[in-house]
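These notes are about the structure you will find just below.
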Amino acid sequence: MSEKTYFKLNDLKEFYPTGPCYAVLGKPIAHSLSPVFQKAAFRQLALDADYIRIEVAEEELEQAVNLLVEKGFLGWNCTSPLKKKMASLCNTLDNSAVLLGSVNTVVRKEQRLLGFNTDGRGWAIDIKKNFAVDFQNLSIAILGTGGAGEAIAKQSAIEGSKKLILLNRTYEKALLLAQSIEKNFEVEVQVLPLTESSLKQLMRKSDLFVQSLPLLPFLSLNFQWEKILDPKVFLYDVLYFPIPTPMESAAKKIGSKVVNGLGMLVEQGALSFSIWTGLDAPIETMRRSVHLS
């Protein structure tokens with residue numbers, strides 16, 4: 001395995017894998033914990049494989065993919081905002097990628113790229129583990145309809161939720177997602193403007209509130225979350241950095257049950273691991289490696 005786990009795209013040109021190698025692409029990416037739990041899984045199953053971080057901007061993605069193929073990488077993950085563009089670079093899309101509209105996991109088969117999306121399933125698994133709930137009984141509110149928010153909204157519908165409430169900084173984008181979901185699933189979708197008053201309103205209608213915005217857009221809202229959140233509503237923050245996340249800090253002040261996105265990251269990574277290797281992922285080993293168990 002390589003001792004170095006973080007590369008910029010230009011650095012990668014001088015990196016020559018000595019065995020099976022995988023990666024996570026994104027920007028920023030230096031903070032990613034994916035190498036920690038993926039390497040723990042490889043060690044647990046005695047697989048001689050490596051996993052690295054590669055900083056890739058959206059405009060560099062096609063160049064990066066070509067380089068990964070040239071270097072013989074067997075597969076990779078990618079973070080937002082690369083997921084939709086990655087879908088356009090794949091030769092074949094799994095049904096998960098088609099349904100969720102983006103790709104976070106790629107498998108290379110010779111020169112062909114197969115795209116998958118494990119975000120939705122990973123999130124749903126983590127929700128069930130932490131809250132022990134039946135999706136069919138949940139009214140779910142989602143803040144943010146970018147890559148993660150879209151995947152979560154669609155997965156909620158797949159899991160059988162009957163009501164979704166969407167809020168986004170761009171109202172029209174949330175409306176388009178709502179129309180797409182209602183067209184393809186039997187679910188009622190409501191779109192609200194992103195204001196403090198609408199957030200307070202949806203707390204009265206929701207069982208689960210999901211925060212899916214990236215850190216800086218979330219902080220830019222500058223809302224008084226302690227006055228908005230309701231202790232009776234389960235809270236899930238897709239962010240897992242910084243620790244605690246701003247949403248976690250606000251939730252704990254009012255006694256709400258809140259979970260951050262680290263479990264989702266590990267669960268979707270475990271699904272990726274199985275797609276790449278054909279083996280059951282050692283999920284407890286992966287969780288322990290990042291102090292989840």
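The values are calculated or read from the model by the stated rules, or taken from the named source; none is laboratory data. Predicted model, so just to flag it, every value in this text is computed and none were measured. Methodologically, a virtual Cβ is constructed for each residue, glycine included, from the backbone with ideal geometry; neighbour enumeration extends over all protein chains shown.
Below are the figures for this structure:
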{"item": "Some residue of segment 114-127 being more than 30 Å from E188 (Cα to Cα) and not polar (S, T, N, Q)", "result": "yes"}
{"item": "Identity of the residue in segment 167-201, closer than 24 Å to N95 by Cα and assigned to a strand (DSSP E or B), that ends up farthest from the chain's Cα centre (by Cα)", "result": "E188"}
{"item": "Residues of segment 252-286 that turn out to be part of a helix (DSSP H, G or I), assigned by TED's automatic domain parsing to the domain that holds W76, over 17 Å from D119 (Cβ atoms) and not polar (S, T, N, Q), as a count", "result": "1"}
{"item": "Pair list, Cβ < 7 Å and 6+ apart or interchain, from segment 196-211 residues that are in contact (Cβ under 8 Å) with a residue 24 or more places away in the chain to residues that are crowded, with 16+ Cβ neighbours inside 10 Å and of a type in the set (S, T, N, Q)", "result": "K205/S139; S206/S139; D207/S139"}
{"item": "Subset of segment 44-57 [surrounded by 15 or more Cβ atoms within 10 Å (Cβ to Cβ) and of a type in the set (D, E)]", "result": "D50, E55"}
{"item": "Test: residue in segment 188-195 that is loosely packed, with under 14 Cβ neighbours inside 10 Å, within 19 Å of E172 (Cα to Cα) and free of Cβ contacts under 8 Å to residues at least 12 places away in the same chain", "result": "yes"}
{"item": "Matching residues in segment 221-246 - criterion: being assigned to a loop (DSSP other than H, G, I, E, B) and among the aliphatic types (A, V, I, L, M)", "result": "L229, V233, V238, L239, I243"}
{"item": "Qualifying residue in segment 127-135 (condition: among the small types (G, A, S), part of a loop (DSSP other than H, G, I, E, B) and over 16 Å from the mean Cα position of the chain (by Cα))", "result": "yes"}
{"item": "Evaluation of P20 against (1) in contact with a Phe, Trp or Tyr (Cβ under 7 Å, 6 or more places away or on another chain); (2) in contact (Cβ under 8 Å) with a residue 40 or more places away in the chain (one fails), failing number", "result": "(1)"}
{"item": "Enumeration of residues in segment 239-274 that are crowded, with 19+ Cβ neighbours inside 10 Å and under 16 Å from V24 (Cα atoms)", "result": "L262, M264, L265, V266, E267, Q268, G269, A270, L271, S272, F273"}
{"item": "Scope segment 73-97; condition closer than 18 Å to L265 by Cβ and outside any helix (DSSP H, G or I); matching residues", "result": "G75, W76, N77, C78, T79, S80, P81, L82"}
{"item": "Test for V107: is it outside any helix (DSSP H, G or I), under 12 Å from the mean Cα position of the chain (by Cα), not assigned by TED's automatic domain parsing to the domain that holds Q190 and not charged (D, E, K, R)", "result": "no"}
{"item": "Meets criteria (of a type in the set (A, V, I, L, M, F, W, C) and in contact (Cβ under 8 Å) with a residue 24 or more places away in the chain) for L93", "result": "no"}
